[in-house]
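Where a number appears in this text, it was derived from the coordinates with a stated rule and is not lab data. Every value quoted in this text rests on a predicted model; they were computed, and no experiment measured them. Positions of Cβ are generated from backbone atoms using ideal geometry, with glycine treated the same way; all protein chains shown enter the neighbour counts.
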Amino acid sequence: KTTEPTIFIIFGGTGDLTKRKIMPALYNLFLANWLPENFAIIGSSSSKMTAEKYQQELLEAVNEFSRSGKTKKEDWAKFASHIGFQDADLTNAGAFKPFGKIIEQFKREWNQTPSLIYYCAVAPHFFCTIAENISKAKLENNPETTRIIIEKPFGTDLESAKELNRKLLNIFEEKQIYRIDHYLGKEVVQNIMAFRFANSIMEPLWNRNHVEHVQISVTEQIGIGTRGKYFEGAGILRDMIQNHLLQLLCIIAMEPPTSFKANEVRDRKVDVLKAMRKIESGKIESMAVRGQYSSGWVEGEEVLGYREEENVDPNSNTETYAALKLHIDNWRWQGVPFYLRTGKRLFKSASVITIQFKEIPHNIFVSADSGVPKQNRLVISIQPDMAIRFQLQSKVPGLEMNLNTVDVVFDYADNKKSDSPEAYETLLLDAIVGDQTLFMRADQVEAAWELIMPILNYWEKNNAQNFPNYSADSWGPENAEALIAKDGYHWFSLP
Ligand code: BG6
């Protein structure tokens, strides 16, 4: 918690992200007493409106999207008294001047230099324009107290990501830039660090000597909905793998950091990306599978195929599913394959990491009835089910020596779902207190792009001949099964 006065200036203050995520998160932080006494939220967009009208719009949004349900009148009134509105054309530096006045006014009122957070809740092509106009309008930009938050996508390929970083770093220092990957704020994802680095029994097992392979699945039941325009230019490799799935992989594979300092943790993650085996263009067919959904039935309703969705080319070559086999060339992970899969319109939504341990070296339970001991698994279930399960072999109680698999479970179900903070609450609070541990550093973003560029290039050059190749409500294309089956494994069913 911080007592430092704080001003949030939200560009894109009337947009979807602000309404669905940012405001509910700030409101819940306020309710739980995490915000400093002196704080102000200034929303901004191109349309003119009064602060009262803006507060009313946000009230409706928070009532709809907050995990704590409908707001109480007196709580909202207190919170809303911190919210103002300033219209501005983002592309016009002159229109940024009023923010300077607002900041000065709070400085005088609070008699202190506040922390200042510029939040770019806008389409990515505005990030640089906003940064440049902050600079041109000479708005407050003290490296110690001023921060800027941006949301993925950070570029659309390695070159554009580098350019974005370069431009932002002309105006802000790296320590001021908070790049959000909301997966890093998820409760269970944060717990992986605690599980790995606060327990002495994990580390000796966490390597090539004991781990056979790792699976990371982030499956989604939803289709592309109204995001066709964005998705056509992106595809699932850019939308999910470049960021969320590779970040999960980094947390699983990283070396123990020497401290929990932001740069120390992020250095160890970058090490992982740098150790990933380069994907040679001649080997892409054997390491990467892409898919696109066709129409189908989801919970009794017929849904469109990807190519029929709004703003999607009827001959689109964009992938809505991807599965990869990756290797990490270092001492810890040599020879341990990491399988990643993610897709839209799959059979169910679940984000799960499974670590499969090696077989026992010798089986003494050989009688036909006893059952062959299964391999141990650690199943880290991020959502919707939140749990960490160790699958062990155990004797079935009774007179005979029969085995079955039992789960040793850390289950979040005892905590009501609404008690777990949302990713955005964690991340916004970290941004307020100035902790960058869970944010993406420039080199992390670039290293992730570098890894996937050969696949992106190959897929762009070679159209998929078989699209659409999986039906809505299925588990994805058949060749994704083949990708893992040829190594003798199968995709685990998801809890
Ligand atoms: C976003 C992607 O980053 O993550 C979306 O752009 C995806 O396509 C979403 O649906 C998934 O996030 P979550 O938190 O719902 O798993």
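Can you give me the Cα centroid spacing of region 205-275 and region 38-105 in angstrom?
So the two Cα centres are separated by 34 Å.
Can you list which of the DSSP-assigned H helices in the chain have a Cα extent of 15 Å or more along the long axis and an average Kyte-Doolittle score of at least -1.0?
Numbers: long enough: 51-65 (21 Å, -0.77); 97-110 (20 Å, -1.07); 158-171 (20 Å, -0.40); 187-197 (16 Å, 0.65); 262-275 (20 Å, -0.77); 423-433 (16 Å, 1.34); 442-461 (28 Å, -0.08).
The qualifying helices are 51-65, 158-171, 187-197, 262-275, 423-433, 442-461.
Calculate the tail of P(r) for region 128-193: the fraction of all Cα-Cα distances greater than 18 Å, expressed in %.
For region 128-193, the fraction of Cα-Cα distances above 18 Å is 45 percent.
Over the alpha-carbon set of region 102-148, divide Rg by the Kirkwood Rh and report the Rg/Rh ratio to two decimals. Intermediate results must be reported in sequence, preceding the final value.
Values: Rg = 11.8 Å, Rh = 11.7 Å.
Rg/Rh for region 102-148 comes to 1.01.
Using the Karplus curve 6.51 cos²θ - 1.76 cosθ + 1.60 with θ = phi - 60°, what ³J(HN,Hα) values do you get for each residue of region 291-305, in whole Hz, with x for Gly and Pro?
x, 9, 7, 9, 5, x, 10, 10, 6, x, 10, 7, 10, 6, x
What is the calculated FRET efficiency for Ile201 to Arg277, with r their C-beta to C-beta distance and R₀ = 25 Å, to the nearest 0.05?
Once the sixth-power term is evaluated, E becomes 0.30.
Only helical DSSP H runs with n ≥ 4 go in: add -39500 (n - 2.57) per run for the chain, normalise by residue count and round the 222 nm mean residue ellipticity to 500 deg cm²/dmol. It would help to have the intermediate numbers written out before the result.
Numbers: 14 runs with 153 residues, N = 495.
So the calculated ellipticity at 222 nm is -9500 deg cm²/dmol.
Taking loop as defined by DSSP and a crowding limit of 16 other beta carbons within 10 Å, which trypsin sites (Lys or Arg not before Pro) in region 77-152 fit?
On the way: sites: Lys78, Lys101, Lys107, Arg108, Lys136, Lys138, Arg147; in loops: Lys138.
Passing sites in region 77-152 are Lys138.
Taking a ≥ b ≥ c as the square roots of the eigenvalues of the Cα gyration tensor of region 295-360, is the shape rounded (a/c under 1.5), prolate (a/b larger than b/c) or oblate? Before the final figure, lay out the partial values.
Working: a/c = 4.90, a/b = 2.07, b/c = 2.36.
The shape class here is oblate.
Using only the Cα atoms of region 328-375, construct the convex hull and provide its projected area averaged over every direction, in square nanometres to one decimal. It would help to have the intermediate numbers written out before the result.
On the way: hull surface 24.3 nm².
If I average the Cα hull's projected area over directions, I get 6.1 nm².
Positive end of the charge dipole of the chain (Lys, Arg +1 and Asp, Glu -1 on Cβ, about the Cα centre): tell me which of Tyr293, Leu340, Leu139 has its Cα farthest that way.
Towards the positive end, the residue furthest out is Leu139.
Can you give the three extents of the C-alpha atoms in region 52-178 along their principal axes, from longest to shortest, in whole Å?
That gives 48, 36, 26 Å along the principal axes, largest extent first.
Translational diffusion coefficient, Stokes-Einstein: compute it for region 378-495 using the Kirkwood radius over C-alpha pairs as Rh, at 10 °C and 1.306 mPa s, and state it as an integer in µm² s⁻¹. Show your work: numbers first, answer last.
Values: Rh = 19.8 Å.
So the translational diffusion coefficient is about 80 µm²/s.
Just tell me the longest site-free run in the chain, where the sites are chymotrypsin sites (Phe, Trp or Tyr not before Pro) in a DSSP loop having at most 11 other beta-carbon atoms within 10 Å.
On the way: sites that count: Phe260, Trp331.
So the longest stretch without any such site is 1-259.
By DSSP, what percent of the beta bridges with both residues in the chain are antiparallel, rounded to the nearest 5? Let's see the in-between values first.
On the way: 44 of 76 bridges.
For the chain, the DSSP antiparallel bridge percentage is about 60.
Which value, in Å to one decimal place, does the Kirkwood hydrodynamic radius take for the chain when every pair of different Cα atoms is included? Walk me through the numbers on the way to the answer.
Numbers: mean 1/r = 0.0408 Å⁻¹.
The answer is 24.5 Å.
Separation between the Leu169 and Asn315 pseudo-spin-labels, each 7 Å from Cα along Cα→Cβ, expressed in nm?
A separation of 4.1 nm, rounded to one decimal place.
Which of the trypsin sites (Lys or Arg not before Pro) found in region 397-495 are in a DSSP loop and have at most 11 neighbouring Cβ atoms, other than their own, within 10 Å?
Lys416, Lys486
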